[in-house]
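To start, the structure under review is shown below, and the notes come after it.
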Amino acid sequence: MSETPAKAFFRPGKVFLLTLAGVLIYLVALVVLVPAGWLWHQASAHIQLPPEVQVRQVSGKAWSGAAGAVVAGYPIRLEWQLGMPSLSGLSLPVGFSLVTSQSSVDGRVSLGWQGAGTLDARGRLAVAEFEDMIRRSGGAVIEGDVTIDQLVLSWQDGRITGADGLGRWAGGKVTWPMGNSVGQADFPPMRATLDSTADGVALVVAQQGGGGPAADAEIRWNGMMDLRVYKRMVDLAGQPWPDSASPDDVVFRVRQPLIPGGAL
């Protein structure tokens, strides 16, 4: 009667699985337990942020933490929460909350392993908070808040491949520079939609329930922005204009680089 040879407990396949499990446990513990501030301190020397962005404080863990920063002079607090990685989709979901003194945006980012990603966010912007910056740039200031009902972006290799957004403003007083004086008018509720185009993204501003655009802007991949204002906007502002013009006529057009170095 022959005896069955005893099998070694640590066979090559089992050693591989045990090693893999140990590495995974170590990586999970690293993400869960390592302080986010320590990681930022190690990584900050290799990350070049724009001069307008200054990170002041990072707290919490890598898995769930917060960071305080100043962007163009405005204090901002960012909180994040990593989700479980998707092995099938090779992506890492990250929930985030971005808060200033009066505004907030919440959403979710999905980061792919090969430079791809998506963003889905909603929020509320208090325009009065940014009034000084808007006036310095010569823009129009609206009263009240802008509600972001939807903002969906997708990108690949640093370029946006899809955009879909919807924002609303309840209406009210609008003021804008007019030579040495300031013009003002009461506007009805307005909406803004964001879509992707072949050359970039397009933003269209119109009256809620209105028949056409009051203004639109296209931001191209080369850094240029094309802005058009229609007579419909002039009518909403109650400003005089020849009656021969139709609401769809363009009364103001400008093309300028949105990003330094953009081509003309």
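The values are calculated or read from the model by the stated rules, or taken from the named source; none is laboratory data. Everything numeric in this text was worked out from a predicted model, so none of it was measured. Positions of Cβ are generated from backbone atoms using ideal geometry, with glycine treated the same way; all protein chains shown enter the neighbour counts. Each accessible area value is taken on the protein alone, full model and side chains, heavy atoms only, with ligands, DNA and RNA left out. Shrake-Rupley method; radii C 1.70, N 1.55, O 1.52, S 1.80 Å.
Per-residue 3J(HN,Hα) values for the range 93-105, derived from phi via the Karplus relation 6.51 cos²θ - 1.76 cosθ + 1.60 with θ = phi - 60°, read x, 9, x, 9, 9, 10, 10, 10, 5, 10, 10, 7, 9 Hz in sequence order (x marks Gly and Pro).
When you count, for each residue, the other Cβ atoms within 10 Å and take the mean per peptide, how do 224-236, 48-60, 133-145 rank with the highest first?
Taking the mean over residues of other Cβ atoms within 10 Å, the ranking is 224-236, 133-145, 48-60.
Given R₀ = 30 Å, what would the calculated FRET efficiency be for residue 96 paired with residue 255, taking r from the Cβ atoms and rounding to 0.05? The pair residue 96/residue 255 has a calculated efficiency of 0.35.
Run the dipole for the range 73-257 about the Cα centre, Lys and Arg Cβ at +1, Asp and Glu Cβ at -1, nothing else charged, and hand back the magnitude in debye, nearest 20. Walk me through the numbers before you get to the answer.
Numbers: 16 positive and 21 negative charges, 44 e Å.
Roughly 220 debye, rounded to the nearest 20.
Calculated on C-alpha atoms, the gyration radius of the range 73-257 divided by its Kirkwood radius gives an Rg/Rh of 1.01.
What does the charge count around residue 130 come to, taking other residues whose C-beta lies under 15 Å from its C-beta (Lys +1, Arg +1, Asp -1, Glu -1)?
It works out to a net charge of -3.
Of 166, 33, the order by accessible heavy-atom surface (1.4 Å probe, DNA, RNA and ligands excluded), from most exposed downward, is 33, 166. Each residue, residue 78 and residue 137, gets one label point 7 Å from its Cα in the Cβ direction; the gap between the two is 1.9 nm.
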